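The values are calculated or read from the model by the stated rules, or taken from the named source; none is laboratory data. Keep in mind it's a predicted model, so treat the numbers as computed, not measured. Please note: Cβ atoms are built from the backbone with ideal geometry, for glycine as well, and neighbour counts cover all protein chains shown.
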Amino acid sequence: WQKGECQIGNINAQEPSYSIRAEAGETQFWDFKNDEFQCAGVSILRHRIQQRGLLLPVYHNSPVLVYVLKGRGIFGLMISGCPETYESSQQSREQSQEDRSRSFRDRHQKIGESRQGDIVAIPAGAAHWAYNDGQEELVLLVLHDDSNNANQLDQNPRSFYLAGNPGRGQEQQPYREHGSRHGEQQQQFGNIFRGFDVETLAEVFGVDEETARKLQGHNDERGHLILVQRGLQVIRPPLRGEEYGRREEEGYYGGRDN
Amino acid sequence: GIEETICSAKIRENLDKASRADIYNPRAGRFSTVNSYSLPILKFLQLSAARGVLYRNAIMSPHWYANAHSIIYVTRGDSRMQIVNHKGRAVFDGQVREGQVVVVPQNYAVVKQAGEQGCEWVAFNTNDNAMINTLSGRTSAIRGLPADVIASAYQISREEAERLKFSRRETFLFSGSGRSSRGRV
């Protein structure tokens, strides 16, 4: 199929052709081999992420646009070389020894919030994750621009997972007969750490081999959407309303302090 | 005005000088890049290049190029390379010796460990501003993740997640242990 050769005699409204289930939801795929999608050079999918569900870190071979169809969540985009600008604060003097031992200091790259109606743009090759911290299902419509100049591979959409075992514990549900072919392909997937040997991983991360083995996710049966039972703890600014509310309580706008 | 622009454009840049290294670790090696910022004509060519030197048994941390294929030619020594595709399968795991060429497709993750003689290579990248993403070290994707995402994703404790994030800072790693296993093709 040559780019620009869109000899389409008939256009159909498309439904998802197969899905992949995971612990915390499912992803529904439209058949990217379909003539119309091939003509446009795009592929499209829909994540349905349950409450406290986490889409594992992943990057793609093409730029991605995400539209939030329903719900709200947080997401992170890891751009290599960018600083970890979200940091835990220094411990206060009043903090007890016990609190100090319990507390955990972290720093990571910026985190964004998204809610229904938002568009999120993700550059090709940039790793990202998403988490449903809302009270309802988070539904994301995802467009991969496979024919974009940023993609120098072929036009097949590819997802490179940094964690988990996307091929395990996933039950593909073909809506049509030809959909199952893609589902079977998904079954072979693992995260990119699986391709490296454990000894090398232990060396480059400075951890023991058991931890390095966990990176590969061989026995992880949760799939690409996992449930964070206790809820995800990350560093992030308060929501706008909450921030103003707290500041008022603290006297920022009350004139108590100079 | 062509003679003032195209004809007089700078078309040469030496990548071998150790003093111009972009990444340098006295125990592990160095890495120099030339792209359209340092050599503007590369913008027309939409190509860039890099020169790497790894000392004996040193490791260049796992990484991928977000916007370019990388064509690697080993100029001296040898290196074990592991290249992984989107299915998490090692599409290459073997020794690359002096005079050999390896193509690393865009987005494929790769790790290099030099042999006993060290390894030097030149890489041509199919983008004038090829962007590298590392998986370990100070500027890595793992470091950019919240520790709780790491702990949940890999089913490890937060302490292990912290170690995973912060144990290593370097892109070029000194390895005292050397290679215990040889690659397979």
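Quick check on my filter: what residues within the stretch B:106-118 are over 13 Å from the mean Cα position of the chain (by Cα) and of a type outside the set (S, T, N, Q)?
So in the stretch B:106-118, the residues over 13 Å from the mean Cα position of the chain (by Cα) come out as B:115-118.
Those that are over 13 Å from the mean Cα position of the chain (by Cα) and of a type outside the set (S, T, N, Q): B:115, B:116, B:118.
Within the stretch A:61-89, restricting attention to residues that are facing chain B (nearest Cβ under 8 Å) and closer than 21 Å to residue A:215 by Cα, which residue is farthest from the chain's Cα centre (by Cα)?
A:80
Could you list all residues from the stretch B:112-149 that are outside any loop (DSSP other than H, G, I, E, B) and either of a type in the set (S, T, N, Q) or closer than 19 Å to residue A:81 by Cβ (or both)?
Of the residues in the stretch B:112-149, the ones outside any loop (DSSP other than H, G, I, E, B) are B:112-125, B:132-134, B:141-144, B:147-149.
B:113, B:117, B:123, B:125, B:132, B:133, B:134, B:141, B:142, B:143, B:144 - these are the residues of the stretch B:112-149 that are outside any loop (DSSP other than H, G, I, E, B) and either of a type in the set (S, T, N, Q) or closer than 19 Å to residue A:81 by Cβ (or both).
Go over the candidates A:80, A:101, A:92 one by one and state the one that is under 30 Å from residue B:69 (Cα atoms), of a type in the set (S, T, N, Q), at pLDDT below 90 and outside any strand (DSSP E or B). Walk me through it before giving the result.
On the way: A:101 fails: under 30 Å from residue B:69 (Cα atoms); A:92 fails: under 30 Å from residue B:69 (Cα atoms).
Criteria check complete, one pass: A:80.
Within the stretch A:156-172, can one find any residue that is more than 14 Å from chain B (Cβ to nearest Cβ) and modelled with pLDDT under 85? Give the derivation first.
Step one: filter the stretch A:156-172 for residues more than 14 Å from chain B (Cβ to nearest Cβ), giving A:171-172.
Right, trim to modelled with pLDDT under 85 and you get A:171-172.
Taking every residue of the stretch A:156-172 in turn, at least one turns out to be more than 14 Å from chain B (Cβ to nearest Cβ) and modelled with pLDDT under 85.
So is residue B:79 under 18 Å from residue B:31 (Cβ atoms), modelled with pLDDT under 95, in contact with a strand residue (DSSP E or B) (Cβ under 7 Å, 6 or more places away or on another chain) and small (Gly, Ala, Ser) or not?
Values: under 18 Å from residue B:31 (Cβ atoms): yes; modelled with pLDDT under 95: no; in contact with a strand residue (DSSP E or B) (Cβ under 7 Å, 6 or more places away or on another chain): yes; small (Gly, Ala, Ser): yes.
No.
Name the residue that is farthest from the other protein chains (Cβ to nearest Cβ), counting only residues in the stretch A:33-60 that are among the basic types (Lys, Arg) and assigned to a loop (DSSP other than H, G, I, E, B).
Looking only at the stretch A:33-60, we keep the residues that are among the basic types (Lys, Arg), and these are A:33, A:46, A:48, A:52.
Among the residues that remain, those that are also assigned to a loop (DSSP other than H, G, I, E, B) are: A:33, A:52.
Details: A:33: 17, A:52: 10 Å.
Here the residue is A:33.
Quick check on my filter: what residues within the stretch B:136-169 are of a type in the set (A, V, I, L, M) and either more than 7 Å from chain A (Cβ to nearest Cβ) or closer than 18 Å to residue B:61 by Cβ (or both)? Give the steps one after another, and end with the answer.
At the first step, the residues of the stretch B:136-169 found to be of a type in the set (A, V, I, L, M) are B:141-142, B:145, B:147, B:149-151, B:153, B:156, B:161, B:164.
Correct list: B:141, B:142, B:145, B:150, B:151, B:161, B:164.
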